[in-house]
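S.K.: The structure that follows is given in the form of structure tokens.
The values are calculated or read from the model by the stated rules, or taken from the named source; none is laboratory data. From a predicted model like this one, the values you see are computed outputs, not experimental measurements. Neighbour counts run over all protein chains shown; Cβ positions are idealised from the backbone, glycine included. Heavy atoms of the whole protein, side chains included, go into the accessibility calculation; ligands, DNA and RNA do not. Shrake-Rupley method; radii C 1.70, N 1.55, O 1.52, S 1.80 Å.
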Amino acid sequence: MPNQNKPTPPLAEIAPHILWLWKSRLTDKQIVQALRKEIDTTRYGIGLTKFIQVRTDMGLLRTRQQGHSVESIRDAMLELREMYPKAGMREVISLLHHEEGMSVSRSVIKSYFSIYEADLVCQRKARRLQRRRFWAAGVNDIVAVDQHDKWLRFGLALHTRIEPFSGHIMWIYYLDTIESLGHMPLVTQSDPGTKNFWIANGHTMLRQWYDSLLQDTLQHRWMRTKKNVMPEIAWSQLRRRFTPGFESLLDHGVEQDWYDSDNTLQVMIFRWVFIPWLQCELDSYQDRINHTAKRRDRNKVLPHGVPELIYRFPEDFGALDFKIKVEKAAVDHVRAMYIKPGHPVFDLIPSDLGDTLQICYERLGHPVVNHKSAWTVYLGLLCTFAASIETVPRMLPSDSSEGDEDLPLLQDHQDLPFHEETNGYYYMGGVCGGLGLDNEHHQLLDGLTREDEPDVSDEADVNVTGLDNAGLIVWNFSDEEEDVMDEW
């Protein structure tokens with residue numbers, strides 16, 4: 001559509017949108033279409049030719065324009081392999097794009113692998129996949145939460161929150177997430193356990209705040225006989241794509257006797273140095289995954305695309321959005337009931353000790369913390385602290401779990417009904433009280449299909465029976481990814 005001679009929006013206004021759409025590796029035409037949803041089209045216009053000029057001026061060049069070869073990516077590949085030793089072709093293309101700003105064709109990566117990494121290619125091809133069945137009714141139908149305990153030996157626990165329909169990953173605390181987004185899903189989902197009573201109670205209270213008909217019904221799913229599938233897949237991908245290099249680095253410090261998780265001082269300094277850095281790396285991983293299209297799978301009915309785009313614009317993918325808008329007052333009410341702001345869990349380390357370590361860090365000259373320097377900074381702080389403090393001060397904490405009490409689950413609340421098809425596909429969402437889509441929802445989906453959006457896929461596994469495929473996501477889960485287009 002031409003811009004009808006309207007002026008182009010100010011660069012400061014459209015640049016943030018261009019950058020996040022660029023991360024999703026969309027075509028120029030797709031980016032222009034998305035930009036028109038973000039700008040005031042009554043005042044401004046932007047066409048394909050003008051956009052290409054704008055992104056070129058921003059230094060955003062396509063694969064052919066960058067013209068990379070096997071040798072031109074060699075240094076970047078060696079750097080990436082230090083922390084991502086097992087990344088496959090698709091992952092490497094994504095890493096180069098997000099971490100290095102390099103757009104590299106599949107053919108170049110393939111040639112690089114054949115020259116420098118033939119043994120790793122053989123190892124990756126030997127992998128076997130496990131698939132599981134699951135379906136959701138649309139965006140914000142379900143949010144699944146889980147904890148990853150593989151790094152507990154380092155004193156680190158990872159948490160995730162995933163919107164299954166889009167595959168959108170969110171790390172941060174649940175109440176912070178929905179306050180930032182301004183909306184919440186219909187139901188939350190987790191494995192059983194008292195540690196998840198907080199989110200079950202909090203989410204149920206928020207849902208009841210806006211819908212009195214939900215009184216006495218828990219708006220949380222306990223995955224007792226069924227697996228908490230989406231977080232399991234996310235952790236599997238994390239273990240394969242992110243963990244190896246970072247875990248090797250952490251193990252190195254333990255093997256060198258630099259770090260003992262039973263030594264309180266070492267634990268405090270380790271947290272101060274490593275957690276902020278690792279969080280930044282995990283945030284980068286999250287951003288990269290959310291802006292990378294998943295593997296196109298004939299067993300996955302809907303949708304196919306970039307998680308960030310599916311989550312933001314579900315209607316473009318022939319899908320419904322079940323989000324419930326949330327006001328700050330409601331979040332503050334739940335936060336006041338269940339959260340103690342002064343609890344030690346919200347502190348990286350005790351504030352007094354943090355102030356002391358900051359002084360020691362300044363004495364070291366504010367060194368940058370990355371995968372090459374993290375242990376050096378840690379050891380430097382340990383030595384500087386020991387030299388400046390004759391005895392370990394009282395600022396070191398005692399067992400922070402003292403005084404903690406298990407939160408009881410809301411009393412007299414019934415679980416949502418469980419809906420399973422005869423073919424083994426099961427529904428664990430919150431639409432229609434847990435029963436799934438009704439006629440009105442199907443009419444809405446039919447309307448989206450009739451609009452003939454270009455991103456809607458009607459592909460379905462012929463073995464999927466008993467479900468109306470339109471608007472549903474059906475997974476035979478795989479943690480592999482598809483090949484990408486060679487000329488992005």
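S.K.: Amide H of H168 versus every other amide H placed in the peptide plane: which residues, excluding those fewer than 5 positions away on the same chain, fall under 5 Å?
M.R.: For H168, the qualifying residues are E163.
S.K.: Report, largest value first, the span of the C-alpha coordinates of the stretch 314-358 along each principal axis, in whole Å.
M.R.: On the principal axes, the stretch 314-358 reaches 55, 26, 13 Å in Cα extent.
S.K.: Tell me the per residue accessible area of the stretch 314-382 using a 1.4 Å probe; a whole number in Å² is fine.
M.R.: Values: 3750 Å² over 69 residues.
For the stretch 314-382, the solvent-accessible area averages 54 Å² per residue.
S.K.: Please report the spacing between the Cα centers of the stretch 163-231 and the stretch 76-91 in Å, no decimals.
M.R.: So the separation of the two Cα centres works out to 35 Å.
S.K.: Within the stretch 199-286, list the trypsin sites (Lys or Arg not before Pro) lying in a DSSP loop whose Cβ has at most 12 other Cβ atoms in a 10 Å radius.
M.R.: Working: sites: R207, R221, R224, K226, K227, R239, R240, R241, R271; in loops: R224, K226, K227.
Answer in residue order: R224.
S.K.: Same structure, new question: Report, for the stretch 146-254, the % of DSSP beta bridges that are antiparallel, rounded to 5. Please report the intermediate quantities before stating the final value.
M.R.: Values: 6 of 9 bridges.
Taking every DSSP beta bridge within the stretch 146-254, about 65 percent pair in antiparallel fashion.
S.K.: How much of the accessible area of the stretch 204-298, in percent, comes from carbon and sulfur atoms when a 1.4 Å probe is used? Please list the in-between numbers first.
M.R.: Numbers: 1790 of 4050 Å².
Ligands and nucleic acids excluded, carbon and sulfur reach 44 percent.
S.K.: Still on this structure, I have one more. Explain nothing, just compute: Karplus ³J(HN,Hα) = 6.51 cos²θ - 1.76 cosθ + 1.60, θ = phi - 60°, for every residue of the stretch 87-100 in order, whole Hz, x for Gly and Pro.
M.R.: Values per residue, Gly and Pro as x: 5, x, 4, 5, 5, 5, 4, 5, 4, 4, 5, 7, 8, 10 Hz.
S.K.: On to the next question. For the stretch 144-277, what does the accessible surface come to per residue with a 1.4 Å probe? Please give it in Å². Don't jump to the answer; show the numbers that get you there.
M.R.: On the way: 5230 Å² over 134 residues.
Per-residue value: 39 Å².
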